[in-house]
Each structure stands twice: as structure tokens, then as C-alpha cells.
1. Just tell me, in residue order, which DSSP H segments of the chain are both 15 angstrom or longer along the helix axis (alpha-carbon based) and at least -0.5 in mean Kyte-Doolittle hydropathy.
2. For the chain, build the charge dipole from Cβ charges (+1 Lys, Arg; -1 Asp, Glu) around the Cα centre, then report which of Val73, Gln112, Thr125 sits farthest towards its positive end.
3. Summing -39500 (n - 2.57) over the DSSP H runs of n ≥ 4 in the chain and dividing by its residue number, what mean residue ellipticity at 222 nm do you reach, to the nearest 500 deg cm²/dmol?
4. With equal scatterers on the alpha carbons only and no solvent term, can you work out the Debye log10 of I(q)/I(0) for segment 89-150 at 0.12, 0.21 1/Å?
5. When the scattering of segment 121-167 is computed by the Debye formula from its Cα atoms alone, each counted once and equally, what is log10 I(q)/I(0) at q = 0.19, 0.24, 0.33 Å⁻¹?
6. Take the Cα atoms of segment 1-118, build their convex hull, and give its volume per residue in Å³.
7. Could you name the lysines in cross-link range of Lys120, using Cα to Cα under 19 Å and dropping any fewer than eight places away on the same chain?
8. Which residue, Met64, Gly31, Val42, has the largest displacement toward the positive end of the dipole of the chain when charges sit on each Cβ (Lys, Arg +1; Asp, Glu -1)?
Amino acid sequence: MQSITLMETQFRHTIEDEDVKKVMQICLSTGFFRDDEMGVAVELVSEALLTGQQKSGYHFIFAMDGTTTCGFVCFGPTPCTVGTFDLYWIVVDDHYRGKGVGLQLLQQTEKQLVAMKARKLYIETSSTLKYLPTRKFYEKANYTEEARLKDFYLGGDDKVIFAKYFN
């Protein structure tokens, strides 16, 4: 893996046609996701591109290193709630992992959620060892584990639900 020196990260809140392909490439680079999972990420960005982020309910923020898209986050309001949101995806290209891009994306998301008058954000992840760094990442960002659904994804793989309140 080549070493990348991160420039000053910029953030883009608009979706461009190329983002459908970029979302897939970023997901592929991580080695974390199955094809069906990556298909969902592509479906969400496609829907938001087609109908708009407000109408689709899928809000995207893209992390940019110059002209390179190095990560993205997707979040949206939780249906039938007031002020509650779900973080659907936060993915950083493998070449940029460990450089603070994920934390910056999460901070940008939180800033946007506060402006949207959100009161709470939920994040779901896997309990497997592969996702231990992901769970540590959320804990370090001051998210607390609120629930664990046993054997949710498959036997021995719980859904771990983290949350954070906004004031």
C-alpha cells in the first residue's frame, strides 16, 4: 500500500454523477464489505443523486483531498421520529485510513446535524473482531453503546448500536 500525505481536507455536500462510481471504489478499497452491502451504498447515492438529498432523505458529505474523493458519509432522518438520525455509511478509502479523515467526516456530519436541529444520532456496526477498530473509533468520538442485538447479522455477529445526543 502506498503512503499518502493528506492535504487539507475539504468537504463537498453536493452529489455528482461520478460519485456513484466513487462510492463503490471507496467501499471496495476497504475490503470490509460484501457485494450486497456495497450495492446498498451505491443505491443510496444513486437515489440521492436522482431525487435530491432532501427528498430522498439520504444526506452525503464527501471528503476531498484536492480533486480526489477519499471518503464519504451518508446519514438521514429516522422515519417516524422527531430529531433522530441514522448514520448509514462512513467509509474512508484504504489509502487514507488512519489520517483523521473518518473523524473529520463524523465531525462534519455532527455539525450539519446540529444545524438541522437533530437531537440524537444512531450508528450501527458489527460485533466481529474485524470491526473492533470501528467500535473503538465511535467510542473515541464520544458515542456510547446503547444496544446489542444478538446474532443479528448471522450467528455470532451482533448488531452493536452506538448513539450520541446533541444539545
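1. Membrane-span-like by this criterion, though nothing is claimed about a membrane: 19-30, 35-51, 101-115.
2. Of Val73, Gln112, Thr125, it is Gln112.
3. Computed ellipticity for the chain at 222 nm equals -10500 deg cm²/dmol.
4. Ignoring solvent entirely, the Cα scatterers give -0.33, -0.98.
5. The Debye formula, applied to the Cα set alone, gives -0.54, -0.81, -1.23.
6. Convex hull volume per residue, Cα atoms: 103 Å³.
7. Lys111, Lys140, Lys159, Lys164
8. About the Cα centre, the residue reaching furthest to the positive side is Met64.
Bear in mind these aren't lab numbers, they're just calculated from the coordinates by the rules spelled out. The model shown is predicted, which means the values in this text are computed figures rather than measured ones. All Cβ positions, glycine included, derive from the backbone under ideal geometry; neighbour counts span all protein chains shown.
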